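Enquirer: Here it is: the structure, laid out below.
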Amino acid sequence: MVKQNQFTSHFSFDRITEENATSRLTDRAASIGFIYRHIGETMNLFGQFLGTPTDVKNTTIGQVDNGRHHDVSYSRELIERGYQTLQDLVENGTEEYWRGTIDTPFFGPISRMRLFAHTLFHTSHHAGQISLTLAKGRMFDARENVEPETVAIRDHSRPG
């Protein structure tokens with residue numbers, strides 16, 4: 001499953017550059033660079049809930065894309081680390097491990113398998129957003145007076 005997700009998502013991820021990272025689908029949407037960083041951070045933070053320590057800090061979940069630069073190569077590294085973490089868990093996790101429940105601030109108590117599945121879905125979802133933005137997006141002017149709730153990546157602790 002991890003390898004298939006990685007393969008499918010690479011069609012979007014491999015096309016991200018420093019030049020197109022500031023593109024947005026609309027003036028109120030998050031940029032490609034922000035979404036890409038969000039994917040990498042989320043994969044690693046969810047991996048931490050699954051038992052793999054990380055030094056990655058959240059700068060995107062529930063946050064507003066205020067136009068700050070996000071280094072594409074570092075985001076790519078975060079995603080590679082996230083995929084490696086997930087692959088290691090698949091190869092080394094026992095059936096008992098995967099059936100176990102963990103507590104998360106986003107979902108409350110949840111099975112490891114469910115969090116794993118959500119991580120893959122989350123990555124695919126945002127890869128699709130990036131692909132659409134690569135096809136239809138453009139650069140927008142400075143975003144000084146944009147309402148935060150219109151550009152924030154959704155906080156995963158709230159349903160919907």
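Bear in mind these aren't lab numbers, they're just calculated from the coordinates by the rules spelled out. Just so it is clear, the structure is predicted and the values come from calculations on it, not from any experiment. Please note: Cβ atoms are built from the backbone with ideal geometry, for glycine as well, and neighbour counts cover all protein chains shown.
Enquirer: Among the residues of the range 51-67, which ones are under 17 Å from Ser31 (Cα atoms) and in contact (Cβ under 8 Å) with a residue 24 or more places away in the chain?
Expert: Correct list: Thr60, Ile61, Gly62, Gln63, Val64, Asp65, Asn66, Gly67.
Enquirer: Turning to a different aspect of this structure: Run down Gly62, Gly108, Gly51, Gly93 and say which single residue is over 19 Å from Ile130 (Cα atoms) and touching a strand residue (DSSP E or B) at 6+ places or on another chain (Cβ under 9 Å). Talk me through it step by step, then tell me what you get.
Expert: Numbers: Gly62 fails: over 19 Å from Ile130 (Cα atoms); Gly108 fails: touching a strand residue (DSSP E or B) at 6+ places or on another chain (Cβ under 9 Å); Gly93 fails: touching a strand residue (DSSP E or B) at 6+ places or on another chain (Cβ under 9 Å).
Among Gly62, Gly108, Gly51, Gly93, only Gly51 is over 19 Å from Ile130 (Cα atoms) and touching a strand residue (DSSP E or B) at 6+ places or on another chain (Cβ under 9 Å).
Enquirer: Considering only residues that are outside any loop (DSSP other than H, G, I, E, B), farther than 15 Å from Gly128 by Cβ and among the small types (Gly, Ala, Ser), which ones fall in the range 1-48?
Expert: Passing the criteria: Gly33, Gly40, Gly47.
Enquirer: Name the pairs whose Cβ atoms lie under 6 Å apart, with the first residue in the range 4-28 and under 20 Å from Gly67 (Cα atoms), the second part of a loop (DSSP other than H, G, I, E, B) and of a type in the set (Gly, Ala, Ser), and 6 or more positions between them or separate chains?
Expert: Short answer, once both residue conditions are applied: Thr22/Ser31; Ser23/Gly137; Arg24/Ser31; Arg24/Gly137; Leu25/Gly137.
Enquirer: Are any of the residues in the range 117-133 in contact (Cβ under 8 Å) with a residue 60 or more places away in the chain, touching a strand residue (DSSP E or B) at 6+ places or on another chain (Cβ under 7 Å) and in a helix (DSSP H, G or I)?
Expert: Yes - at least one qualifying residue is present in the range 117-133.
Enquirer: How many of the residues making up the range 23-35 are touching a Ser or Thr at 6+ places or on another chain (Cβ under 8 Å) and surrounded by fewer than 18 Cβ atoms within 10 Å (Cβ to Cβ)?
Expert: Count: 1.
Enquirer: Which of the residues belonging to the range 58-112 are surrounded by 15 or more Cβ atoms within 10 Å (Cβ to Cβ), small (Gly, Ala, Ser) and in a loop (DSSP other than H, G, I, E, B)?
Expert: Gly67, Gly93
Enquirer: How many of the residues in the range 25-41 are within 21 Å of Val90 (Cα to Cα) and touching a helix residue (DSSP H, G or I) at 6+ places or on another chain (Cβ under 6 Å)?
Expert: Of the residues in that region, 2 qualify.
Enquirer: Another one. Name the residues in the range 24-51 that are of a type in the set (S, T, N, Q) and in contact with a Leu (Cβ under 7 Å, 6 or more places away or on another chain), would you?
Expert: Just the residues of the range 24-51 that are of a type in the set (S, T, N, Q), to begin with: 26, 31, 42, 44, 48.
Asn44 - this is the single residue of the range 24-51 that is of a type in the set (S, T, N, Q) and in contact with a Leu (Cβ under 7 Å, 6 or more places away or on another chain).
Enquirer: Could you list, in sequence order, the residues of the range 110-134 that are of a type in the set (D, E, K, R) and within 16 Å of Thr52 (Cα to Cα)? Show your work before the answer.
Expert: Applying the first criterion (of a type in the set (D, E, K, R)) to the range 110-134 yields 112, 114.
If the condition is that a residue be of a type in the set (D, E, K, R) and within 16 Å of Thr52 (Cα to Cα), then Arg112 is the only one that fits.
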